[in-house]
Each structure stands twice: as C-alpha cells, then as structure tokens.
1. Does residue 169 satisfy being open to solvent by less than 20 Å² (accessible area, probe 1.4 Å) and touching a His at 6+ places or on another chain (Cβ under 8 Å)?
2. I need a count of the residues in region 1-58 that are under 21 Å from residue 210 (Cβ atoms), surrounded by fewer than 12 Cβ atoms within 10 Å (Cβ to Cβ) and under 20 Å from the mean Cα position of the chain (by Cα).
3. Tell me which residues, restricted to region 60-114, are among the charged types (D, E, K, R) and either open to solvent by less than 50 Å² (accessible area, probe 1.4 Å) or under 17 Å from the mean Cα position of the chain (by Cα) (or both).
4. Any residue in region 77-93 that's under 11 Å from residue 28 (Cβ atoms): show its pairings with residues that are open to solvent by 80 Å² or more (accessible area, probe 1.4 Å) and part of a loop (DSSP other than H, G, I, E, B) at Cβ separation under 9 Å, as long as the two are six or more apart or on different chains.
5. Consider residue 113 carefully, then state whether it is closer than 21 Å to residue 165 by Cβ, of a type outside the set (D, E, K, R) and without any contact (Cβ under 8 Å) to a residue 60 or more places away in the chain.
6. Among the residues of region 194-206, what is the count of those that are at pLDDT 95 or above, more than 14 Å from the chain's Cα centre (by Cα) and either among the polar types (S, T, N, Q) or open to solvent by less than 20 Å² (accessible area, probe 1.4 Å) (or both)?
Amino acid sequence: MSTTAALTVYGMSTSGNCHKVRLLLEHLGTRYQWKEVDSADGQTRTPAFLTLNPNGKVPVVQRDDGRVLTESNAILCWLADGTPYLPVDGWQRAQALSWMFFEQYSHEPYIAVARFISGWTPADSPRRADLPRLRERGHDALAVMERHLAGNRWFTGSDYGVADIALFAYTAVAEDGGIALGAYPAILHWLQDVSKQPGFAAMPAPDAGVRARIAASH
C-alpha cells in the first residue's frame, strides 16, 4: 500500500470485522495503508495500540490529521457517506442500519465466535463446549437472512451497499465455524453477487495452523 495514503487502517486480515473495512475501501478505490495487528496474539492490548483504541479491538481507522474512528460498522457508514453505498433516503438508510445492527447483535456473536473458537483456540479449550449453541444460533441468523433474500436482492435497499458488506464478511466464512451454508440457496446466490461487485476483494485465508484446527473441529 502507498505510504502516503490518506487513511491508515489497523486490522487483522482474517477478521471479518476488519475485512468489511478493506472491502469498502477497495470498492471505493480509496488510498489507504494497512497495518496488520494480530488481535489473537495480543497485539491489540499493547500500550501503543491502546492509545489508539482503549477498547483494545480492531479495526481502527486513523486519518492523516490524527483523528481516529473505531467500530467496523461506524467506519463503514463514515466511509460510505455521500457514495452510492449508503442510501440517501432516510427510511432506506434506517433499513440498512437495522441490518447492520442485526449483524452485530444476532449474527456476528454466533457465526464469528464459532469461527474463532474453531480456528484460534486449542483443541482442549473449554470454549469448544459452546460450539453447538453458537452454531444453532448462527443458523437462526442465516434463516432470517434467507427469508429476506427470498424477495430482495440486497440488504442495503434496492442496491448493494454497507449492510451487504457488513453481513458478507462473516457469512462468507461461516463454514469455518462449522455452520454449513448448503441449506440457504438465496444466501449462496447473494454471496456470488457480492463477489462480482467492482473492486471486490476476498478475505485472505488464515495460516496453516488455523486451517488445521478448523478442519479438525468439524
């Protein structure tokens, strides 16, 4: 990335919350510098990082004037403001936001967490006892999405945008957490449609150790 980028993004490439930000930046063609931060290795808990985000989480976006923005969906809305990726109409914008809140409260806590436990915790971790419940709740969230997509192409409104980006990131890798997508044809079609958008970037694959733990957990 250009070292003269107007934005610096601190993120973990294999995190869906971070990939949301990268995906929108690539769609927009915005110049940015990516600084890799391995939150699974404790790099978000260092004093230097905590000065950026006292909450100790990625992603973080820093402007060239030093101002900082955290929380992935807030970053998406800021980046998309004034672009086709965020509806202008107040009602349509609220509908998009409702799906982004759904993503953070009814989707990410189950689908993303099941993926993290499957790939980033040891085989004897007591957290693995939570996987059946997380997978069940993940399927509940996918069923809600499937019903919406049965009559709608996108989640942001009539066009692709921020809500689709927010939901895409972890849905695309749900099977890493043992949440199969085969029963959701509308979701599978939507995932393909997202991947065809200009500037699309796929999430990088995790390292071999993570992939091996994912395979063993299914």
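The values are calculated or read from the model by the stated rules, or taken from the named source; none is laboratory data. For clarity, every value in this text was computed on a predicted model and none was experimentally measured. Positions of Cβ are backbone-derived with ideal geometry, glycine not excepted, and every protein chain shown enters the neighbour counts. These accessible areas exclude ligands, DNA and RNA; they are computed on the full protein's heavy atoms, side chains included. Shrake-Rupley method; radii C 1.70, N 1.55, O 1.52, S 1.80 Å.
1. yes
2. Residues that pass the stated criteria total 2.
3. Within region 60-114, 71, 103, 108 meet the criteria.
4. Listed by first residue and then by second, the contacts come to 82/88; 84/159; 85/159.
5. Criteria not met by residue 113.
6. 2
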